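One structure below.
The values are calculated or read from the model by the stated rules, or taken from the named source; none is laboratory data. Just so it is clear, the structure is predicted and the values come from calculations on it, not from any experiment. Because the Cβ atoms are built from the backbone with ideal geometry, glycine has one as well, and the counts that use them run over all protein chains shown. Please note that ligands, DNA and RNA were not included when accessible areas were found on the heavy atoms of the full protein model with its side chains. Shrake-Rupley method; radii C 1.70, N 1.55, O 1.52, S 1.80 Å.
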Amino acid sequence: MNWNDAGLILTAAKHGETSMIIHALTREKGRFAGLVRGGAGRRMRGVLQPGNEVDLSWRGRLSEQLGTFTVEARKAHTSNLFDAPVALAASSAALALLDIALPEREPHPALYDASLLLLTSMEKNADIWPTLFVKWELGLLAEIGYGLDLSSCAATGNVENLVYVSPKTGKAVSKSAGEPYHDRLLPLPVFLQPGPTDLLPSDAAIKSDILNGLALTGYFIEKAILEHRPNIHLAARERFLITLEKSFFRAA
């Protein structure tokens, strides 16, 4: 049994004296694990860094075996973020979520492409990537069967003035319908609301919207993951949130 595919390194752990076991998100095969012989050597250590985009060849005697990977470097992403601590923390959170949330060996090509787009945006555009991160997490939720419905109000069917999300149903709620219960609903950021936005929010409002967006996706990510894996702790995502909030506070 063997196949070739493009992949994104999620984790790499030493195995024995010279080998590494990696988890990778591949475009066509999904999240896959394999042994890289000689992966602990000097030449391969840089290639197997989490966040690197690689070409993978997997071989195993039986399809259910761990199997072995041959890995060729394609593009390094996170090494370009060492001078951007918030983006580096965000990339670590995204890779950890992919490794935790996705089932093994189920293809998610759209999520694979979106993950590469997110990492590239972190390298090139410091202003856009935080909102892309929130949208990426929404995409992750949809891929694992917990997609939110933000297109219309769950109570009235209206598509205007959607400012809340129900924590029970994951559906949008309009301002008028949700006002009596606003303390029990989650804020819906402006950049996730349907339709055009006439006014650009202030810098403070943008930051508030980003934090509200991360609170929204974080609530449903924890709900989705903990339902099946109650002992999992989303430590990398928590570190990202702390780093982001500190950067917003310093900039205020």
Can you tell me which residue among 86, 71 is over 26 Å from residue 1 (Cα atoms), of a type in the set (Val, Ile, Thr) and either modelled with pLDDT under 95 or open to solvent by less than 50 Å² (accessible area, probe 1.4 Å) (or both)? 86
How many residues does the range 122-132 hold that are modelled with pLDDT of 90 or more, of a type outside the set (A, V, I, L, M) and farther than 10 Å from residue 87 by Cα? 1
Just one of the numbered conditions (1) among the small types (Gly, Ala, Ser); (2) loosely packed, with under 13 Cβ neighbours inside 10 Å; (3) closer than 23 Å to residue 218 by Cα is not true of residue 121; which one? (2)
Within the range 39-60, track down each residue that is touching a residue at least 40 places away in the same chain (Cβ under 8 Å) and open to solvent by less than 40 Å² (accessible area, probe 1.4 Å). 51, 52, 53, 54, 56, 58, 60
Among the helices (runs of 4 or more DSSP H) confined wholly to the range 109-215, which include 2 or more residues that are within 24 Å of residue 8 (Cβ to Cβ)? 109-124, 129-143
Name the pairs whose Cβ atoms lie under 6 Å apart, with the first residue in the range 93-112 and within 22 Å of residue 64 (Cα to Cα), the second hydroxyl-bearing (Ser, Thr, Tyr) and surrounded by 15 or more Cβ atoms within 10 Å (Cβ to Cβ), and 6 or more positions between them or separate chains? 99/11
Which is open to solvent by 50 Å² or more (accessible area, probe 1.4 Å) and either over 24 Å from residue 239 (Cα atoms) or at pLDDT below 95 (or both), of 79, 19? 79
Show the residue pairs meeting these rules: Cβ distance below 9 Å; 6+ apart or different chains; first residue within the range 26-38 and closer than 12 Å to residue 8 by Cα and assigned to a strand (DSSP E or B); second residue open to solvent by less than 40 Å² (accessible area, probe 1.4 Å) and among the polar types (S, T, N, Q). 32/26
